[in-house]
Amino acid sequence: MIERFQYDNKIVKAFLMATIVFGIVGMLVGLTVAFQLVIPSWNVHEWLTFGRLRPLHTNAIIFAFVGNGMFAGIYYSLQRLLKARMFSDGLSWLHFWGWQLIIVAAAITLPLGITTSKEYAELEWPIDVAITLVWVVFGINMFGTILKRRERHLYVAVWFYIATWVTVAMLHIVNSMAMPVTLFKSYSWYAGVQDALVQWWYGHNAVAFFLTTPYLGLMYYFMPKAANRPVYSYKLSIIHFWALIFIYIWAGPHHLLYSSLPDWAQSLGTVFSIMLIAPSWGGMLNGLLTLRGAWDRVRDEPVLKFMVVAITAYGMSTLEGPLLSTKFLNSISHFTDWTIAHVHVGGLGWNGFLTFGMIYWLVPRMWGTKLYSKGLANAHFWIGTLGIIFYAIPLYFAGFTQSLMWKQFTPDGYLVYKNFLDTVLQIKYAYWLRGLGGTLFLVGALLMVYNVWKTIASGKLIANEDAEAPALEKNYAGESGGYWHRVIERRPIMMLVLSLILVAIGGIIEIVPTFLIKSNVPTIAQVKPYTPLELHGRDIYIMEGCYTCHSQMVRPFRSETERYGEYSKAGEFIYDHPFQWGSKRTGPDLHREGGKYPDSWHYYHMFDPTSMSAGSLMPAYPHMYENTIDKEVIPAKIRAMQKLGVPYEEGYDQKAVADLEAQAQEIVARLKKDGIEANPDLDIIALIAYLQRLGTDIKKQPDTQVVQAQ
């Protein structure tokens with residue numbers, strides 16, 4: 001029996017418009033932080049410094065631009081692949097508005113310095129709870145639609161949507177576990193090595209299962225549609241899917257090579273990262289070979305141009321990523337701008353261009369008209385492509401330059417560039433060119449906005465698109481015959497469960513041993529908890545986003561131990577909730593900063609970095625000399641840390657403020673000897689206390705005895 005129904009295009013339109021708006025906003029913020037690295041005066045206010053805007057940029061691009069683009073593509077393709085309207089219009093709109101409110105909350109809290117400092121997971125605990133609830137709404141709506149479908153077989157794109165939903169849910173919940181202190185402050189449940197491993201298990205797989213798997217699903221739908229060709233190989237898509245979701249989840253530790261993470265975990269991350277090349281390139285080839293017999297159309301169709309470059313960028317990124325996971329190349333690339341270039345080839349090329357191609361394909365069809373101007377779309381393509389080139393290539397050279405300068409010794413065995421600032425000033429040209437590339441990419445996106453606006457103006461939204469399909473037989477699930485994989489592909493709940501099992505295996509094997517086997521994180525007797533003043537100073541360090549430019553991980557290379565001091569030990573971080581190892585060195589490593597300079601140096605440096613380091617690109621922080629320490633929250637911070645296992649004595653929360661004030665007075669007294677009159681209640685005093693503590697536990701004890709935790 002033929003059933004008539006309607007597809008819901010209004011929800012697709014809403015997500016599509018949000019994609020465009022937040023895409024432009026995210027790119028503008030990205031362009032701002034790019035130029036802040038060469039024009040420090042662009043750090044015009046404490047809410048608009050690089051350290052606060054950089055996480056806003058990453059969140060805006062990942063969750064606002066790509067996230068909304070993902071939802072637009074899923075809501076459009078899912079209905080047509082399943083021949084069914086979305087399960088609930090109400091849930092669709094609850095999902096839409098809930099997601100936009102989360103984005104607005106991020107846009108408010110991150111510039112205010114309300115952050116957890118965990119990359120791609122910076123949002124504080126109430127927003128994390130909201131994300132979980134909205135994700136559940138999305139899942140109910142998606143699975144409700146799958147269960148009421150009229151199409152028996154689940155096409156490959158739907159597999160990727162299912163794996164995305166279940167894996168992101170697992171990653172988000174595990175990584176976001178935190179101990180609330182106030183409504184806007186929490187501490188990670190994990191500390192040091194464990195926190196770093198959980199975070200990059202999440203961080204790498206946020207890339208894998210938010211930026212990759214859903215977009216592979218969109219590729220498998222929109223590329224064949226745009227090319228008017230069937231997908232090249234169904235068998236290859238099966239191998240691509242199952243191999244990818246199983247292998248990807250293991251690769252997170254490659255972000256922590258040569259760190260204090262146990263060697264076995266680092267090696268696992270490397271091995272599985274190399275293995276990722278096979279399924280990733282299988283997917284790339286499946287996408288590109290779908291165009292067999294249609295390559296002549298690529299010259300004329302801007303949609304296909306965008307998609308071809310997007311899939312090519314995916315292939316380049318998924319080859320480069322595993323190669324950078326080898327210890328040799330990682331020793332060169334890590335902490336440098338090479339990594340930034342790598343990330344943006346994927347972000348701008350894969351996610352950006354596939355989103356643009358999808359928009360150009362969707363808008364004319366949803367509004368029942370033709371694209372206003374193919375010429376403008378082609379101009380967008382070439383300008384955007386040039387933007388990617390001008391963005392990435394200079395940063396590759398910057399990365400090579402940084403690594404070579406950091407590691408260069410004289411014939412007598414001394415560092416050639418002892419002053420870290422020398423390496424920063426050497427690559428300013430690359431930062432300028434990066435800004436040019438970002439500007440070109442934004443200009444191209446603005447051309448798209450105009451083109452889409454004119455296209456929409458010439459048509460009318462088909463809000464409820466008429467469709468018809470035969471009803472699905474009720475006994476389809478018991479049908480036998482066909483290949484074995486058909487059994488799974490016709491049972492969405494089975495696919496959900498199997499996907500969860502496959503992605504959970506890697507996480508369990510990598511993460512659990514670091515908690516259960518104490519030898520993975522040997523403790524050091526001399527390492528003590530932070531004092532209340534140091535703890536507050538650490539929170540200021542996190543609030544200002546200092547981790548975006550400074551690492552706290554001295555790797556076991558001679559070039560680093562000569563420059564910074566003793567390499568970092570796992571036991572030094574057992575009270576760090578969250579860890580602060582960092583992922584980029586725009587400034588020097590700070591793990592051995594304590595005692596390196598007098599208090600007065602830090603006092604002057606934070607007020608005007610150029611007064612201590614001529615030519616510094618670091619922003620000034622004058623607000624630290626006005627904002628005062630919130631002493632009322634100090635007892636709550638101590639109690640939260642006690643619940644997390646930090647061994648403060650019982651009842652210490654009641655005398656923590658007195659200890660804070662006493663240590664602040666000691667710093668003020670030392671500053672006074674250097675001719676500085678300072679208020680002991682200022683944030684800058686707390687930050688100085690934290691910086692002067694960094695790395696001193698074992699620096700003062702060169703013969704530190706390592707003791708296994710009991």
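Only the coordinates and a few stated rules stand behind these numbers; no lab work does. Note that the structure is a prediction, hence the values are computed from the model and not measured. Cβ sites come from the backbone with ideal geometry, for glycine too, and all protein chains shown count toward neighbours.
Overview of values
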| read-out | value |
| --- | --- |
| Taking Trp350, Trp281 and counting other C-beta atoms within 10 Å, the order from fewest to most | Trp281, Trp350 |
| Mean projection area, nm², convex hull over Cα of segment 523-707 | 10.9 nm² |
| Candidate lysines for bridging to Lys374, where Cα separation is under 24 Å - those fewer than 8 sequence places away on the same chain excluded | Lys13, Lys225, Lys305, Lys454, Lys460 |
| Long pairs among Lys10/Lys235; Lys327/Lys637; Lys407/Lys428; Lys407/Lys584; Lys118/Lys235; Lys10/Lys370, criterion Cα-Cα beyond 27 Å | Lys10/Lys235; Lys327/Lys637; Lys118/Lys235 |
| Extension gain from Leu425 to Leu404, taking 0.36 nm per residue of separation minus the Cα-Cα distance | 6.1 nm |
| Burial order of peptide ranges 648-658, 500-510 (average beta-carbon count within 10 Å, highest first) | 500-510, 648-658 |
| Amide H partners (placed H, <5 Å) of Thr523, local residues excluded | Val707, Ala709 |
| Taking all pairs of distinct alpha-carbon atoms in segment 289-420, Kirkwood radius in angstrom | 17.1 Å |
| Label-point separation, Asn228 to Tyr597 (7 Å along Cα→Cβ), nm | 6.5 nm |
| Relative contact order (%) - criterion: Cα under 8 Å, at least six apart; region: segment 523-707 | 36 percent |
| With Cα atoms, 0 to 90° folded angle of helix 683-693 axis to the chain main axis | 80 degrees |
| Length released on extending from Asp263 to Trp47, taking residue separation times 0.36 nm less the Cα-Cα span | 73.8 nm |
| With Cα atoms, 0 to 90° folded angle of helix 532-543 axis to the chain main axis | 40 degrees |
| Descending semi-axes in whole angstrom, ellipsoid equivalent of segment 233-276, from the Cα gyration tensor | 27, 7, 6 |
| Ascending count of other beta-carbon atoms within 10 Å, so fewest first, for Tyr417, Tyr221 | Tyr417, Tyr221 |
| Label-point gap, in nm, between Asn627 and Val21 - each point 7 angstrom along Cα→Cβ | 2.9 nm |
| Relative exposure of Val104, Val231, Val38, judged by other C-beta atoms within 10 Å (fewest first) | Val104, Val38, Val231 |
| Full-stretch length increase - Met494, Ser88 - with 0.36 nm per residue and alpha-carbon distance subtracted | 143.9 nm |
| Two-site label geometry, Lys460 and Met177: point separation in nm, points 7 Å out along Cα→Cβ | 5.6 nm |
| Kirkwood Rh in Å, taken over all unlike Cα pairs in segment 198-267 | 13.9 Å |
| Helix 213-227 axis, angle to the chain major axis (alpha carbon atoms, nearest 10°) | 40 degrees |
| Debye log10 I(q)/I(0) for the chain, one point scatterer per Cα, at q = 0.09, 0.11 Å⁻¹ | -0.81, -1.17 |
| Net charge of neighbours whose Cβ lies under 14 Å from the Cβ of Val298, counting Lys and Arg as +1 and Asp and Glu as -1 | +3 |
